[in-house]
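Report on the structure given below.
The values are calculated or read from the model by the stated rules, or taken from the named source; none is laboratory data. Note that the structure is a prediction, hence the values are computed from the model and not measured. So basically every Cβ, Gly included, is an ideal-geometry build from the backbone, and we count neighbours across all protein chains shown. Note: areas computed on protein heavy atoms with side chains; ligands, DNA, RNA excluded. Shrake-Rupley method; radii C 1.70, N 1.55, O 1.52, S 1.80 Å.
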Amino acid sequence: MRVAVLGLGFMGSTHLKALKSIPDAELVAVFSHDDRKLGGDLSAIQGNLGGPGEKLDFSKVAKYHQIPQILDDPNVDAVDLCLPTHLHASVAADALKKGKHVLVEKPMALDAASAWQMIEAARKHKRILMVAQVLRFFPVYRALAEVLARPDIAKMRSAIFRRRCAAPAWSAWLGNPEQSGGGVFDLLIHDIDMCLNLFGLPEAISATGHEALASGIDVIHAELYYADRAVAIAGGWHHPKSFPFSMEYTVVADGGTIDYSSMTGGPVLHSADGEREAVTLQEKDGYRAEIEYFLDCCRRGVQPKLCPPEDSARAVAVARLMLEARKRNGERIQCEL
């Protein structure tokens, strides 16, 4: 499968590293406005998990400064869109129209209407569209899903998902909510998608928090209401530079509590009988697994059931509803999507 990567920032460089490890994936083209990056020098890139610090060999790769040109390249079978969020919908639609399969970084789009238009374009042009909701492929989150499916764990009763980082200083567009959606939208879309994957759509949502983007602050504590369980999502952007990235979950079920924090180690199941069990993890890199799965779906012409774009569109809708609930400072809003 011949792949083009559009956007050579933190996520683009992360996807390039994953692509190199996939035997049947061939990088044939890249897009950027930055000549240094097109030359393969990605060493200055930074992100939540640090900078990749790599220099890549693009000598055999077609290099483009303009998006229409790379979409017209007949050697490209699939595009990996690692562009600013406000460009996702329009570029994905153009790529699908040109007959390319599309993997697009999260969040899928800035609003649910645009996300569903992307889905309709994929259906019309009979191409595969998938959103890079990588938690569905991360070993620590796949392990959570597997534990919750065990008969001895029984019914899930309560869950909290938390994700925090310093306000990003490496890309100016991220600080512009008209381009990124803001910190809560861009960062917590991961946990929203995971909740929808595990528990489905909530009946209602409430939220409190604070936004002061000039200071780098965009935080939320949201409650997702279900008929028989309680779920919370918390986190966002904190003061710039020194605040560390972290992701966590604690899920309580009748058969035990599974607890995880990236700051302390792998997930642990504390069972109802008082025993402690370190949860076994798959060793495969989540980014590689995600891209490999997408390319396999493209080859076989099958929809990505592990990460359907319809779920990603609903995650965008729920994220927008969470932000509206924060404005109402704790008022419960029905989730009628």
Compute the acute angle (0 to 90°) between the alpha-carbon long axis of helix 309-327 and the principal axis of greatest extent of the alpha-carbon atoms of the chain; round to the nearest 10°. 60
Just subtract the alpha-carbon distance of Ala166 and His33 from 0.36 nm times their residue separation and send over the number in nm, one decimal. 45.3 nm
Size of charge dipole - the chain - debye, nearest 20, with Cβ of Lys, Arg +1 and Asp, Glu -1, no other charges: 500
Please name whichever of Ala154, Ala234, Leu81 sits farthest to the positive end of the charge dipole of the chain, dipole taken about the Cα centre and charges placed at Cβ: Lys and Arg +1, Asp and Glu -1. Leu81
Per DSSP H run of n ≥ 4, the term is -39500 (n - 2.57); total these for the chain, divide by its residue number, and report the mean residue ellipticity at 222 nm rounded to 500 deg cm²/dmol. -10000 deg cm²/dmol
Plugging the Cβ-Cβ distance of Asp296 and Ala44 into 1/(1 + (r/R0)^6) at R0 = 41 Å yields, to the nearest 0.05, a FRET efficiency of 0.80
Reachable lysines, given that their alpha-carbon falls under 28 Å from the alpha-carbon of Lys20 and they are not under 8 places away in the same chain: Lys37, Lys55, Lys60, Lys63, Lys97, Lys98, Lys100, Lys106, Lys126, Lys284, Lys305
Just subtract the alpha-carbon distance of Thr280 and Arg123 from 0.36 nm times their residue separation and send over the number in nm, one decimal. 52.7 nm
Using only Cα atoms, find the angle between the long axis of helix 10-20 and the longest principal axis of the chain, and express it within 0 to 90 degrees, rounded to the nearest 10. 70
Rounded to 5, the percent of DSSP beta bridges in the range 1-113 classed as antiparallel: 5
When the charge dipole of the range 150-224 is computed with +1 at the Cβ of Lys and Arg and -1 at the Cβ of Asp and Glu, the Cα pointing farthest to the positive end, of Met194, Ala169, Gln179, is that of Met194
Working from Cα positions, state the angle (0 to 90°, nearest 10) between the long axis of helix 139-148 and the longest principal axis of the chain. 40
Give me the percent of DSSP beta bridges within the chain that run antiparallel, rounded to the nearest 5. 60
Counting only protein heavy atoms and a 1.4 Å probe, tell me what percentage of the chain's accessible area is made up of carbon and sulfur. 49
